[in-house]
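The values are calculated or read from the model by the stated rules, or taken from the named source; none is laboratory data. Computed from a predicted model, the values in this text were never measured in an experiment. For neighbour counting, all protein chains shown are included, and Cβ atoms are generated from backbone atoms with ideal geometry for every residue, glycine included.
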C-alpha cells in the first residue's frame, strides 16, 4: 500500500488504543496512511464511547474536517461479553450498540465521503459461528457484524468494498504459549495481532480488488477441527 499522487490516504480505526486495533493502526501508519483512532480509553487519540450517537457524529465530523474524505474504515471496537445468566437488558443493548450499530452508523456517516477505492473491514470473531456458554452479548454482536458486512457490500457495490475478518485466539499480551494451548490449534500456535493487521492491509489493497462481502476466519484452523469425547485425550465432563 502506497500513498497516491493526489495525497495521503486516511484510515479510521475504532478501538485502536490496544491489542489488535493498535496493531492495525500501527500497520497503516507504517504504510504511510494517516490514521484516526477512536477509543474510550484515555490516550493520544479521539477519546469517546462509540455506543453514543453524538460521539460518532462528532468524531466523523472531525475526520472529514481534517482530511475531507476516508479511504479505509476498520470497525474493531470490542463489545461487552456477558452471558444470559448475568447480562442485563441494558448491557446487551450496549454490546450491540458497540458491535453492530456503531459500525453501521459510521459507514452511513462516511458514505458521502468515501474516496475511490475505499474499503471497510469489520472485525468479527470466530464466535460468529461457534460459542462457549455465557457469551451471548459478545457472540450476538459478532454475528451481527458478520451479517452486516455482506449487506453493506451489496449496498456499497461499485463504490466501497466491504469485508470482515473473524479472529480466533489472538494473544494481545505478548505471551509465549506452549503445550496444549498451542498444539490444540492446527497451526501449532496462538495467533498474534499482526496476523490480523496484515490481512486488514491486504483487504484494503488493490490486490484484493475482487474480494467484497467476504468473511475470512483467521483462527489457526480451530473452527475446522472436529472434537469428540475421548479424542486426543479430551473428555466431556458436564458441570466442570
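Residue-wise test of (1) surrounded by 15 or more Cβ atoms within 10 Å (Cβ to Cβ); (2) within 14 Å of the chain's Cα centre (by Cα).
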site: 70; (1), (2): yes, no
site: 75; (1), (2): yes, yes
site: 86; (1), (2): no, no
site: 101; (1), (2): yes, yes
site: 132; (1), (2): no, no
site: 138; (1), (2): yes, yes
site: 150; (1), (2): yes, no
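Scanning region 111-123 for residues that are closer than 16 Å to residue 9 by Cα and surrounded by 20 or more Cβ atoms within 10 Å (Cβ to Cβ) gives 118, 119, 120, 121.
Number of residues in region 142-169 that are assigned to a helix (DSSP H, G or I), within 27 Å of residue 86 (Cα to Cα) and touching a residue at least 40 places away in the same chain (Cβ under 8 Å): the value is 5. Only one of the numbered conditions (1) buried (at least 18 other Cβ atoms within 10 Å of the Cβ); (2) on the phi < 0 side of the Ramachandran plot; (3) in a loop (DSSP other than H, G, I, E, B) is violated by residue 228, and that is (1). Would a scan of region 208-219 turn up a residue that is crowded, with 21+ Cβ neighbours inside 10 Å and farther than 22 Å from residue 103 by Cα? Scanning region 208-219, I find at least one residue that is crowded, with 21+ Cβ neighbours inside 10 Å and farther than 22 Å from residue 103 by Cα, so the answer is yes.
Among 202, 236, 228, which is the only one that is without any contact (Cβ under 8 Å) to a residue 12 or more places away in the chain and within 17 Å of residue 74 (Cα to Cα)? Quick ask: steps written out before the conclusion?
Details: 236 fails: within 17 Å of residue 74 (Cα to Cα); 228 fails: within 17 Å of residue 74 (Cα to Cα).
Criteria check complete, one pass: 202.
For region 129-167, filtering for residues that are at pLDDT below 95 and within 26 Å of residue 204 (Cα to Cα) leaves 1.
In region 9-27, the residue that is farthest from the chain's Cα centre (by Cα) out of those that are part of a loop (DSSP other than H, G, I, E, B) and either crowded, with 24+ Cβ neighbours inside 10 Å or without any contact (Cβ under 8 Å) to a residue 40 or more places away in the chain (or both) is 9.
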